[in-house]
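S.K.: Quick one: the structure is below, and I'll ask about it shortly.
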Amino acid sequence: MAAGGPAAMDDGDEKGGLRTALGGLTTRGRSFLAAGIAAAVCAYVLGQTDLLRVGLLLAVLPLVCVVVLVRTRYRVSGTRRLTPSRVPAGTEARVHLRVENVSRVPTGLLMLQDRVPYVLGPRPRFVLDRVEAGGRREVSYRVRSDLRGRYPLGPLQLRLGDPFGMCELTRSFSTHDTLVVIPRTEPLPPVRLAGEAPGYGEGRQRSLALAGDDDVIPRGYRHGDDLRRVHWRSTARYGELMVRREEQPQRARCTVLLDTRRLAYQGAGPDSAFEWAVSGAASALTHMLERGFAVRLLTDDGTSVPGEGSGGFAGSVQESAEQAGLMLDTLAVVDHSGGGGLSHAYDVLRGGNEGLLIAFFGDLDEEQAALAARMRQRSAGAVAFVLDSADWVQGDIPPAGAGAVSEERLRQLRDAGWTALAVRPGTDLAEYWRQAGQQGAAAQSVAGGGTTGFSGGWS
């Protein structure tokens, strides 16, 4: 939930005064003014006194409305609140607007308008009746987008009018808010993928603290530490309070690799292959975080999110919610990269054992398929979802032999140890995830001589 800070509007202090107000004359006000001037000129030419009075009345009325509206001191504050401020694509968010009259005089008729991007829907407009001194009015509207992204909301505009509709003054508040539309995420079945540690959701190793007084590894005292863990010998040695390290669990790691190369995808829009890959990456990282893994998002250009902690992974379980939000915010605005290969991602992955690797690839040529195959060498397990974008472009006939090329790339990945699946349009990620678990179970069973039971789901 996000809130816009209050902003005040004081029409009596506006620079430009009457000139600005005259520019705010409505069609009715301009018509009255033009009619009055025309009547006054005709009365002068024809010598008609009564017509002159009518002309002066018509011309003076809009001018009097301008003066009254300018000299009336309105101080109005406005706030905006989003519920929620981060929504999946295709989901509605509600925007609450509140206008408060903080002056000592009541306002006239107020017309409220909020600026929103066209992809979120029509621009909302509201008409507010007279607001008493110290009073407030609250209105709300809904926004929805099928396209992920970051969309600015505001500034909020307030239009003041006189009772006769002769003049309108528009003022803008300075506050803005941002609605983040993240990719759609899909709940995935609880299956174990090839290369995971035994025990669903418990893929953890433990870093043992040395128990002996001579070889204990102490650390500095932190607020909230149990005083019974104080190591007095180290405290005396270092001159500050030191405590023993306890046995520390190390979270199993998972890297979600997203191929964003422009040449690897065809088509655009919510149903394109690239959007499926982005949504799949979001679903995978959310699922693995829920299972207790330390997850990072990696793109083909070598960018790693969150990019902090050990090797770019989150440092603790408590950080998972924040890191999930950061990675989803990144996927909300991720776009095609201009790179032509996966070499930067390979350089990041080859540094050491990065645990489980889940990749979403677009079209792979022979060179990139060979490079992707080598990524498997440093991973405990690897699952690849390969999108042949020609299948996703409706009305296009794939070139001759395209299917055979795709199968050759899949075979190349599988020979290197990947669990590789070809993604076709119209199938949910949950089904492919289940197939990946079954293929991984079969591969483990064959490797272990049929003794490893990986079949079925895990709860």
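S.K.: Of the residues 130, 144, which is more than 30 Å from residue 330 (Cβ to Cβ), surrounded by fewer than 17 Cβ atoms within 10 Å (Cβ to Cβ) and charged (D, E, K, R)?
M.R.: Exactly one residue qualifies, and that residue is 130.
S.K.: Further question: Give the residue, chosen from 224, 203, that is open to solvent by less than 20 Å² (accessible area, probe 1.4 Å), modelled with pLDDT under 80 and closer than 30 Å to residue 324 by Cβ.
M.R.: 203
S.K.: Among the residues of the range 326-345, which ones are closer than 30 Å to residue 84 by Cβ, open to solvent by 10 Å² or more (accessible area, probe 1.4 Å), in a helix (DSSP H, G or I) and touching a residue at least 40 places away in the same chain (Cβ under 8 Å)?
M.R.: Result: 328, 329, 333.
S.K.: Just for the range 104-114: of the residues that are open to solvent by 30 Å² or more (accessible area, probe 1.4 Å) and in contact with a strand residue (DSSP E or B) (Cβ under 7 Å, 6 or more places away or on another chain), which one is nearest to residue 71 (Cα to Cα)?
M.R.: That would be 109.
S.K.: When the residues of the range 57-103 are filtered to those that are in contact with a Phe, Trp or Tyr (Cβ under 8 Å, 6 or more places away or on another chain) and either of a type in the set (A, V, I, L, M) or closer than 30 Å to residue 330 by Cβ (or both), which remaining residue is surrounded by the fewest Cβ atoms within 10 Å (Cβ to Cβ)?
M.R.: 94
S.K.: Determine which single condition residue 160 fails, assuming it passes every other condition in (1) aliphatic (A, V, I, L, M); (2) assigned to a loop (DSSP other than H, G, I, E, B); (3) in contact (Cβ under 8 Å) with a residue 60 or more places away in the chain; (4) open to solvent by less than 40 Å² (accessible area, probe 1.4 Å).
M.R.: Going through the list (1) aliphatic (A, V, I, L, M); (2) assigned to a loop (DSSP other than H, G, I, E, B); (3) in contact (Cβ under 8 Å) with a residue 60 or more places away in the chain; (4) open to solvent by less than 40 Å² (accessible area, probe 1.4 Å), residue 160 breaks only (2).
S.K.: Of all residues in the range 107-140, count the ones that are within 15 Å of residue 78 (Cα to Cα) and aromatic (Phe, Trp, Tyr).
M.R.: Matching residues across the range 107-140 total 1.
S.K.: I would also like to ask the following. State yes or no: is residue 93 among the hydrophobic types (A, V, I, L, M, F, W, C) and either outside any loop (DSSP other than H, G, I, E, B) or within 29 Å of residue 31 (Cβ to Cβ) (or both)?
M.R.: Yes.
Rundown of residues vs (1) among the β-branched types (Val, Ile, Thr); (2) surrounded by fewer than 18 Cβ atoms within 10 Å (Cβ to Cβ); (3) assigned to a strand (DSSP E or B), yes/no style:
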site	(1), (2), (3)
347	no, yes, no
351	no, yes, no
357	no, no, yes
360	no, no, yes
363	no, no, no
367	no, yes, no
373	no, no, no
384	no, no, yes
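The values are calculated or read from the model by the stated rules, or taken from the named source; none is laboratory data. Please read all numbers here as calculations on a predicted model, not as lab measurements. When we count neighbours, we look across all protein chains shown, and the Cβ atoms used for this are built from the backbone with ideal geometry, even at glycine. Surface areas here come from the heavy atoms of the whole protein model, side chains and all, with no ligands, DNA or RNA. Shrake-Rupley method; radii C 1.70, N 1.55, O 1.52, S 1.80 Å.
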